[in-house]
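Remarks on the structure that follows.
Only the coordinates and a few stated rules stand behind these numbers; no lab work does. Keep in mind that this is a model prediction, so the values were computed, not measured. In this analysis, Cβ positions are derived from the backbone assuming ideal geometry, glycine residues included, and neighbour counts consider all displayed protein chains.
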Amino acid sequence: MKRAGRIAALGGLLALGAAFLSVGIGKGQMTEVLSKAIRICLECIGIG
Amino acid sequence: MKRKSEWKRTAVQAASLLLHNANLKGFVTGKIYQGDLKQVCVPGLNCYSCPGAIGACPVGSLQNALQKSKPSFPFYVLGFLLLFGALLGRFVCGFLCPFGFVQDLLYKIPFFKKIRTFPGEKYLRWLKYVVALLLVVALPLIYTGVPYFCKYLCPAGTLFGAIPLLSLDQLLSDQIGPLFWWKLIVLIVVVLVSLLISRPFCRYLCPLGGFYGLFNRVSLVQLKHTETKCVHCDRCVPVCAMGIDPKTQFDSTECIRCGKCARVCPTDALRLGLLDLKKKKEEQTA
Ligand code: SF4
Ligand code: SF4
């Protein structure tokens, strides 16, 4: 891939990542992540 | 032969392991961290049920978003994954991932034989995409309520989550059953194979590594190869952590940007660096 193409793809992906993160925050998805992460995940530790 | 030391990378990996698991008191109390930082996804594979974990595992969080009876598009988790991937690619694997570090330490242990690749290596490497599509995405979406990768495969959950928690909490350890023994067998197999071959879980099974690999060609962190400097001595080939040929596959989805090849290159033809924003004529582009 040409250098210019790589730079354009990198810029596009960074913009998309930032947009996704903002939309996710707007939809309150970080609360879903938090509520899963602060409880012991029984599947992860092999008893659920 | 010029051989630059690996200690700096090892120091970064150790620091990253500590940062991912900075809630050290959890290893004494057997309680997991429950503060606000846990809403932030970490870059590497690090179970959020590790008593030390201060952030959320991106693979676990993704399955959690998809396994709901009415799943919504996981913008938030994918946002983190896109940003980590675009900035770092598999540099996350080479320098930051706690489970990658564990495998590197295991591979340093002298074993009767070390091998570079398995027979059928090319096909085995596709397994991680099957794991990602099936266990992380499709099955949690279809049969809701179960994070299949976490439940049946993830050895990081067993090592960082199950072993410390179950040894500290009697109530939890009383519930140990066949599923735990299955997960322990998976972990033991990964540990044993890691003595024989470098990074087996990263090569063949990790959905996160597979995802970050898709960004290697465009990520800000790059492994660069300058064809005009290369004397084709092949010193980089046997040291490659992922069993690829660095001088031709420097852009591969498999490269974890560990820089081992660059450290043994006698002419600096291989170099770990940032994507050039200004054009340089001699640098080879794939
Ligand atoms: S492939 Fe997976 S386990 Fe290996 S270093 Fe990358 S994220 Fe970690
Ligand atoms: S090509 Fe070089 S940087 Fe990439 S995995 Fe192999 S040794 Fe590490």
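Before moving on, here are some points about what is shown:
- Of B:S219, B:S69, B:S252, the one that fluctuates the most in a GNM where chain B has Cα springs shorter than 10 Å: B:S69
- Comparing B:I54, B:I115, B:I188 in a Gaussian network model of chain B, where Cα atoms under 10 Å apart are tied by springs, the biggest mean-square fluctuation is seen for B:I115.
- Taking every alpha-carbon pair within the range B:8-51, the share separated by more than 12 Å comes to 65 percent.
- Straight-distance crosslink candidates among lysines, where the alpha carbon sits under 28 Å from B:K31 and sequence neighbours closer than 8 are dropped: A:K36, B:K68, B:K151, B:K183
- Residues whose amide H lies under 5 Å from that of B:Q222, counting only those 5 or more places away or on a different chain, are B:G273, B:L274, B:L275; hydrogens are built 1.01 Å from N in the peptide plane.
- Rel. contact order, % - alpha carbon contacts under 8 angstrom, at least six apart, chain B: 23
- Reference-scaled alpha-carbon Rg (2.2 N^0.38 Å with N residues) for the protein assembly as shown: 1.00
- The trypsin sites (Lys or Arg not before Pro) of the range B:1-40 that meet both conditions, a loop assignment by DSSP and at most 12 other Cβ atoms within 10 Å of the site Cβ, are B:K2, B:R3, B:K4, B:K25.
- Farthest toward positive dipole pole in chain B [+1 Lys/Arg, -1 Asp/Glu at C-beta], among B:V59, B:L134, B:F112: B:F112
- Only aspartates and glutamates eight or more places from B:K229 in sequence, or on another chain, were considered; those with a Cα closer than 13 Å are B:D268, B:E282, B:E283.
- Note that chain B shows a convex hull volume over its alpha carbon atoms of 149 Å³ per residue.
- Here the protein assembly as shown is treated with +1 on each Lys and Arg Cβ and -1 on each Asp and Glu Cβ, and its dipole about the Cα centre works out to around 1020 debye.
- 0 to 90° range, to nearest 10: angle between helix B:7-20 axis and chain B longest Cα axis: 20
- Square roots of five times the Cα gyration tensor eigenvalues for the range B:221-280, Å: 17, 14, 9
- HN-Hα J in Hz across the range B:214-227 - Karplus 6.51, -1.76, 1.60, θ = phi - 60°, x for Gly and Pro: 5, 9, 3, 6, 10, 5, 5, 7, 9, 9, 10, 10, 9, 4
- Residue range of chain B that is longest and free of chymotrypsin sites (Phe, Trp or Tyr not before Pro) which are both DSSP loop and sparsely packed (at most 11 other C-beta within 10 Å): B:144-286
- Residue of B:C261, B:C233, B:C93 that the Gaussian network model of chain B assigns the largest fluctuation, springs spanning Cα pairs under 10 Å: B:C233
- Taking 0.36 nm per residue of sequence separation and removing the Cα-Cα distance, the B:K279/B:H232 pair yields an extension gain of 14.5 nm.
- Cα-based shape type of the range B:139-181, given that a ≥ b ≥ c are square roots of the gyration tensor eigenvalues and the cut on a/c is 1.5: prolate
- Charge tally around B:R125: other residues with Cβ under 15 Å, Lys/Arg +1 each, Asp/Glu -1 each, net +3.
- When the convex hull of its Cα atoms is viewed from all sides, the range B:71-145 shows a mean projected area of 7.5 nm².
- Extension gain, B:L24 to B:L171: 0.36 nm times the residue separation minus the Cα-Cα distance gives 50.8 nm.
- 16 Å cut-off, amide nitrogen to a point 7 angstrom out along B:A138 Cα→Cβ, residues in the range B:144-177: B:144, B:148-149
- Between B:A56 and B:V40, B:C41, B:V42, the built amide H atoms are under 5 Å apart, and every one of these is 5 or more places off in sequence or on another chain.
- Computed P(r) (all Cα pairs; chain A; 5 Å bins; percent): 5, 17, 13, 13, 11, 12, 11, 9, 6, 2, 0
- Part-to-part distance (alpha-carbon centres) for chain A and the range B:89-118, which is given in Å: 26
- Sequence-separation-based contact order of the range B:226-274, relative, with Cα cut under 8 Å and 6+ spacing, percent: 42
- Magnitude of the charge dipole for chain B, about its Cα centre and with charges confined to Cβ atoms of Lys, Arg (+1) and Asp, Glu (-1), is about 740 debye.
- The loop-placed trypsin sites (Lys or Arg not before Pro) in the range B:73-175, going by DSSP, that have at most 14 neighbouring Cβ atoms within 10 Å of their Cβ come out as B:K113, B:K114, B:R116.
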